[in-house]
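The values are calculated or read from the model by the stated rules, or taken from the named source; none is laboratory data. Owing to the predicted nature of the structure, the values given are computational and were not obtained by experimental measurement. Quick reminder, even Gly has a Cβ in these numbers, built from the backbone with ideal geometry, and neighbours come from all protein chains shown. Ligands, DNA and RNA are excluded from the accessible area calculation, which covers all protein heavy atoms including side chains. Shrake-Rupley method; radii C 1.70, N 1.55, O 1.52, S 1.80 Å.
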Amino acid sequence: MKNHLLKFIGVALVLLCFSCGKLTKVTDVITQPTAREVYARNFDADSVPYRLWTNAFQNALNDSLQIVSPYQETGIFNPEIQPVYGYDLDLERGRRYTFSIQTDTLQPKIFIDLYEKTSDSIRPYKLVQQADYEASILDFSPKNSGTYKVLFQPELNTSSSFAIRIQSKPSYYFPVSGASAKSIQSFWGAVRDGGKRSHEGIDIFAKRGTPVVASVDGYISRTGNRGLGGKQVWLREGLFGNSLYYAHLDSIIATSGQRVKVGDTLGLVGNTGNARTTPPHLHFGVYSRGAINPLPFVKEEPELPALNASTEFYKTYAIKTSQANLRSSASAKSQKIGALSRKDTVRLLGKSADWLHIETSTAQRAFVHQSLVKAL
């Protein structure tokens, strides 16, 4: 009788745990907890290590290091310092950004959080997106151009090599067949008519008759031969999306109301309208409650170099020159945010090309050129 009772209790506990797990999953579908909230379930409310981990994250929001896309950094997470890697960077509307991190074969959990900078002095950053729990990548297309902050934080006690990669792609297909941003010779904001107006688009130069193609799926809202734009096509991106303007065409191929796919030919490059005295080119514009700069929508950025897996990492470095300037980003042209003297020591956080991401003895984070330090 006693054995039967114990078996019953055991089965009941298993069913209860199973039911709780299912209930948690169902509740999560409704409440959609953040990755950090899911992780917090592994700790007691008064867990000291967990509190230190969350405090390190909050402190990282105050880091002022700046990077530009594309960006790559390699290193080894040091669990002794509760590592959090935070960077400010300018993101442009019209681009698709990827924030990713690779780790070793143990694949620790890495939390990726993206904030937008605001004008609020009390809460200067607003959370806009987080990577899913156990995900190592975050994709983001900003609705507004502006300054953002991205943070990478490993789970507690992580000791792993890592490679942070930040890169972007244009959200539109390039509008002139066989061309690239190298063919652009006149940009947004250029002076027109002696300063009476500014250029509301970009001019892409190509041979007369080169196909002009749809940059997005959509429909042709109108075509015609009128005004400054001469022969022109307007492509609407969905019902409430942007309107794309193709002007100075030599001939129009698309028809009003036509549904088109990316890459479909809309017309041919020419110099009609007020471009009669210039070489053939496409004037390309993007409109959304007014004109917006189309360049971010179509320009490519440089490819990141292949990772160097043989790089050695040392925890501590010493300054080997009489003075070493500390920079806000991995560039000699960036802002100087401090200086160190010979024999001062720094702790290595990561490496980006010829620059070291370091932390000083006073906990200041900065970049210093590798030629100014030696490993200890």
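Residue-by-condition table, conditions (1) buried (at least 17 other Cβ atoms within 10 Å of the Cβ); (2) without any contact (Cβ under 8 Å) to a residue 60 or more places away in the chain; (3) more than 22 Å from Thr362 (Cβ to Cβ):
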{"position": "Ser64", "(1), (2), (3)": "no, no, no"}
{"position": "Val68", "(1), (2), (3)": "no, no, yes"}
{"position": "Gly75", "(1), (2), (3)": "yes, no, no"}
{"position": "Pro83", "(1), (2), (3)": "yes, no, no"}
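Considering only the stretch 310-327, how many residues are open to solvent by less than 70 Å² (accessible area, probe 1.4 Å) and charged (D, E, K, R)?
The first filter runs over the stretch 310-327 and keeps only residues open to solvent by less than 70 Å² (accessible area, probe 1.4 Å), leaving 311, 313, 316-319, 321, 324-327.
So of that shortlist, the ones also charged (D, E, K, R) come out as 327.
Selection size over the stretch 310-327: 1.
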Only unsatisfied item for Leu307, checking (1) among the hydrophobic types (A, V, I, L, M, F, W, C); (2) surrounded by 14 or more Cβ atoms within 10 Å (Cβ to Cβ); (3) in a loop (DSSP other than H, G, I, E, B), is (2)
Quick one: would you say Phe111 is buried (at least 20 other Cβ atoms within 10 Å of the Cβ) and out of contact with any Lys or Arg (no Cβ under 9 Å at 6 or more places or on another chain)?
no
Hits in the stretch 113-144 (condition: aromatic (Phe, Trp, Tyr) and in contact with a strand residue (DSSP E or B) (Cβ under 6 Å, 6 or more places away or on another chain))
Tyr115, Tyr125, Phe140
All but one of (1) open to solvent by 20 Å² or more (accessible area, probe 1.4 Å); (2) modelled with pLDDT under 90; (3) within 19 Å of Asn242 (Cα to Cα) hold for Lys196, so report the exception by its number.
(3)
Scanning the stretch 328-358 for residues that are touching a helix residue (DSSP H, G or I) at 6+ places or on another chain (Cβ under 9 Å), open to solvent by less than 70 Å² (accessible area, probe 1.4 Å) and under 25 Å from Pro305 (Cα atoms) gives Leu349, Lys351, Trp355, Leu356
